[in-house]
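Worksheet: one structure, shown below.
Derivation of every value follows stated rules applied to the coordinates shown; laboratory data play no part. The shown structure was predicted, so the numbers you read here are calculated from the model rather than taken from an experiment. Heads up, the Cβs are rebuilt from the backbone with ideal geometry, glycines too, and the neighbour counts pull from every protein chain shown.
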Amino acid sequence: MRNTADFPDATNQVRIIQELRRQKLLRFRLGVNTSYVVLMALLVLAFSGVEFTFFGIEFSTVSLDWDFIWERMPFIFGGVGLTILLSVLSIVLASVLALLGALGRLSKSPPAYALATFYISLIRGTPLLLQIYFFLLGLPQFGIVLTGLTAGVLALGLNYGAYMTEIMRAGIQSVGVGQREAALAIGMTQQQIMRRVVLPQAFRMVIPPIGNQFIAMLKDTSLIAITGFVWEILWRAQKVGRANFRNFEALLIAAVFYWIITILFSAVQSRLEAHMARGERTL
Amino acid sequence: MSAIVRIANLNKHFDQIHVLKDISFEVAPAEVICIIGRSGSGKSTLLRCVNFLEQPEFGTVEVDGVQVVAGGKGRDHQQQIHALRLKTGMVFQSFNLFAHMTALQNVIEGPVTVKGMPKKEAIELGMHNLEKVGLAAKRDQFPSRLSGGQQQRVAIARALAMEPKVMLFDEPTSALDPELIGEVLAVMQKLVEEGMTMLTVTHEMGFARKFAHRILYMHDGRFIEQGSPEQLFNNPEDERTRAFLSHLLT
């Protein structure tokens, strides 16, 4: 058999085609990045307070109170840590519940299956905000007074746990039946198979989607602000916004913080996903 | 000599299909048996019933003194099945190595988790078995980095590490590229020479002819003919066996 080395022209052509492809990709990336800059510039312009005439039409942009922004930004920034803490604690609780829920949904025991199904149905059938109110406003009626953080983590964890149960179940079911059979054949019990063979492989599958849930949760922690007990980002923004009648600026600051946190964690997330994808091949 | 494996009146249905029809046979210690037959004849199901990966509805399986009667329920029955599985080692067509463990971890998983063997001792045993299949150098490789033939040899080492009395091979070379079949057969040959009792479902007629003490031809859930390789390959009595072999050899 002959290979391309026997045809110098062919080798050259392949190289040219590859080079063209690379250039095309570079042009696309350049275009995307330029567009980002333009979009960002437009956004900045919209809040610049500048007035200008364009083709005979007068434009006026939103004028912001920059003194207020610089003065109050540190106070609102003070909520970032709490927002992240809320998210982390809630995702941990949600993951544990999701694992139990998934095991229940896959269980042959009627009560376990029923309990898991009931839990998912109840949580998915009611609004998250109502669940938050339930812990903060409902429970005190019976003398159970939780701190804002505890109530927030319980509400968010329970809620996300129900949704994440399906992710966990899919992860467990993605482990091939051959893995279980091989484990049975060497005499492992169902419990040993779950702990040693199925779950370690399932976890690798579910880490990327759980990362997604975490990013979604970062923003849902803002619902806790409504309770007024947890000084996270949105609560702080509302407080300073109302006090100075600078709601717009305050909300803008909060929005920027949420956005930046999300971008940062999304970057971590895509790195993680790339890492897991590589692990798939090497592991 | 008393048999090490006794299968009696084994019956198995998949829905309406009667896959195993009252199968009975015995295997002597150190005997090598090859089960051949068309696909769908029930060979793999039979093998998987020996260690109860499939549950037969009726019949008994006895391996090295551990007897399990099909259709049982409860804790005792489960414990008997467990004891039966400890007497048997199984090798699958698709290897089924634990994907998240290295070759050595795969091999020591059974001894450590099932038998509670101290890790150090298990590693020694594991390395011994990896050496036996010629893959000691691959101890820290994950299955996805091994060729099919290497994966299957690790799978054999994993089964051997449990020190089974009987090895069950379920089409061990069917998923392999032709050039990789030889290395797996060489390991199996070594086991034959060591006197391992082996039950092999295979399409590898060369192996069957060379190493089997007895060949069972299975058709439609029954053994319709059995005998030594010479008998069965050279003078098949049943028309269906003849048809199968001529189809295979041409």
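Side notes on the structure shown:
- Per-residue Karplus couplings for region A:233-250, computed as 6.51 cos²θ - 1.76 cosθ + 1.60 with θ equal to phi - 60°, are listed in order as 4, 5, 4, 5, 4, 4, 4, 6, x, 5, 4, 10, 6, 10, 4, 4, 4, 4 Hz, Gly and Pro entered as x.
- Aspartates and glutamates with Cα under 16 Å of B:Lys138, excluding same-chain neighbours fewer than 8 positions away: B:Glu124, B:Glu183
- With contributions of -39500 (n - 2.57) from each DSSP H run of at least four residues, the per-residue ellipticity at 222 nm computed over chain A stands at -24500 deg cm²/dmol.
- Considering only A:Lys219, A:Lys108, A:Lys239, the mean-square fluctuation computed in a Gaussian network model of chain A, springs between alpha carbons under 10 angstrom, is largest for A:Lys108.
- Sorted by Cβ density within 10 Å, fewest first, the residues A:Lys24, B:Lys138: A:Lys24, B:Lys138
- Distance in nm between pseudo-label sites at A:Gln190 and A:Leu251 (7 Å out along the Cβ direction from Cα): 5.3 nm
- Overall shape of the protein assembly as shown was characterised from the C-alpha gyration tensor. The equivalent ellipsoid obtained from it has semi-axes of 63, 33, 20 Å, in decreasing order.
- Antiparallel content of DSSP bridges confined to the protein assembly as shown, in %, to 5: 60 percent
- If you wrap the Cα atoms of chain B in a convex hull and average its projected area over all directions, you get 14.0 nm².
- Span from the region B:192-248 Cα centroid across to the region A:78-116 one, whole angstrom: 55 Å
- Average beta carbon contacts from partner chains per residue of A:196-208, 10 Å cutoff: 2
- FRET efficiency for the pair B:His18 and A:Glu19, taken as 1/(1 + (r/R0)^6) with r the Cβ-Cβ distance and R0 = 56 Å, rounds to 0.30.
- Tail weight of P(r) past 21 Å, computed on alpha-carbon pairs of region A:134-283, percent: 62 percent
- Förster radius 60 Å - calculated FRET efficiency between A:Arg29 and B:Glu163, Cβ distance, rounded to 0.05: 0.50
- Cut-off 12 Å (backbone N to label point 7 Å along Cα→Cβ of B:His213), residues of region B:5-40: B:5, B:26-34
- Compactness of chain A as Cα Rg over 2.2 N^0.38 Å, two decimals: 1.40
- Taking the fewest neighbouring Cβ atoms within 10 Å as the starting point, the ordered list for B:Ile17, B:Ile224, B:Ile33 is B:Ile17, B:Ile224, B:Ile33.
- Structure remark: mean-square fluctuation, Gaussian network model of chain A, C-alpha springs under 10 Å; the largest value among A:Val240, A:Val37, A:Val92 belongs to A:Val37.
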